[in-house]
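Undergrad: Input: one structure, supplied below.
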Amino acid sequence: MDPWLIWLSVAGLLAIAELLTLTAALGMLSAAALVTAGFAAAGLPTPLQFLVFTVVAVVSVVFVRPLAVRHLLKPQTERFGVDALVGRAAYVVSEVSGLGGRVRIGGEEWTARAYDETLVIPPGTTVEVMEISGATALVYPRE
């Protein structure tokens, strides 16, 4: 069997193992084996193939893997779902108190309660969504 085919097989096996483990290290080793397969196909002697694999693997694991891990562990910057509604403005459709009411948030009507249960917010007031509890928006009047 040709050496480049062996390196290509190793690259494939490492790539499959990376997909199963998601460690990023096996992906870097798979890339190193793929680069080595290219050099082996060009006719590089076997000892130099191992040197190429070692150099590419060390460089990628030492320099590229920390960047990839840092990117994966970065906190989520976008808010989705009901979390995206917190902090948005809403329009009071029917009087909102500590017991209930209705507001319009971005074109949708929501049940609402006053964030401060002692407040009574009249219709037509602009409020801020402080929290979403189930299907109820907890709102507070904007100044």
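The values are calculated or read from the model by the stated rules, or taken from the named source; none is laboratory data. Not measured: the values here are computed from a predicted model. Cβ coordinates were reconstructed from backbone atoms using ideal geometry, including for glycine residues, and neighbour counts include every protein chain displayed. These area figures cover heavy atoms from the full protein model, side chains too; ligands, DNA and RNA do not enter into them. Shrake-Rupley method; radii C 1.70, N 1.55, O 1.52, S 1.80 Å.
Undergrad: Suppose we keep only residues that are under 13 Å from L99 (Cβ atoms) and of a type outside the set (D, E) within segment 116-135. Which one would you say is surrounded by the most Cβ atoms within 10 Å (Cβ to Cβ)?
TA: Going through the qualifying residues, I end up with I121.
Undergrad: Go through (1) within 32 Å of the chain's Cα centre (by Cα); (2) part of a strand (DSSP E or B) for V92 and report which single condition fails.
TA: Unmet for V92, out of (1) within 32 Å of the chain's Cα centre (by Cα); (2) part of a strand (DSSP E or B): (1).
Undergrad: Additional query: Any idea how many residues of segment 27-44 are farther than 26 Å from P66 by Cβ and open to solvent by 40 Å² or more (accessible area, probe 1.4 Å)?
TA: Just the residues of segment 27-44 that are farther than 26 Å from P66 by Cβ, to begin with: 40-44.
Filter once more, keeping what is open to solvent by 40 Å² or more (accessible area, probe 1.4 Å): 41-44.
Residues flagged as farther than 26 Å from P66 by Cβ and open to solvent by 40 Å² or more (accessible area, probe 1.4 Å) within segment 27-44 amount to 4.
Undergrad: Search segment 75-105 for residues being out of contact with any strand residue (DSSP E or B) (no Cβ under 8 Å at 6 or more places or on another chain) and under 30 Å from P122 (Cβ atoms), and hand back the single one that is surrounded by the most Cβ atoms within 10 Å (Cβ to Cβ).
TA: A84
Undergrad: Let me ask something else. Of the conditions (1) closer than 30 Å to T136 by Cα; (2) in a helix (DSSP H, G or I), W110 satisfies every one except a single condition; which number is it?
TA: Unmet condition: (2).
Undergrad: State which residue pairs qualify: first residue more than 18 Å from T36 (Cβ to Cβ) and inside segment 60-71, second residue open to solvent by 100 Å² or more (accessible area, probe 1.4 Å) and among the aliphatic types (A, V, I, L, M) in any location, beta carbons under 8 Å apart, and separation of 6 or more residues or different chains.
TA: As it stands, the answer is none, since no pair meets every condition given.
Undergrad: Which condition breaks for G98 when tested against (1) of a type outside the set (V, I, T); (2) touching a Leu at 6+ places or on another chain (Cβ under 9 Å); (3) part of a helix (DSSP H, G or I)?
TA: With (1) of a type outside the set (V, I, T); (2) touching a Leu at 6+ places or on another chain (Cβ under 9 Å); (3) part of a helix (DSSP H, G or I) applied to G98, the lone miss is (3).
Undergrad: Of all the residues that make up segment 52-74, how many are open to solvent by less than 100 Å² (accessible area, probe 1.4 Å) and over 12 Å from M28 (Cβ atoms)?
TA: 3
Undergrad: Now for a different question. Report yes if P75 is under 30 Å from A32 (Cα atoms) and assigned to a loop (DSSP other than H, G, I, E, B), otherwise no.
TA: When the stated conditions are applied, P75 passes them.
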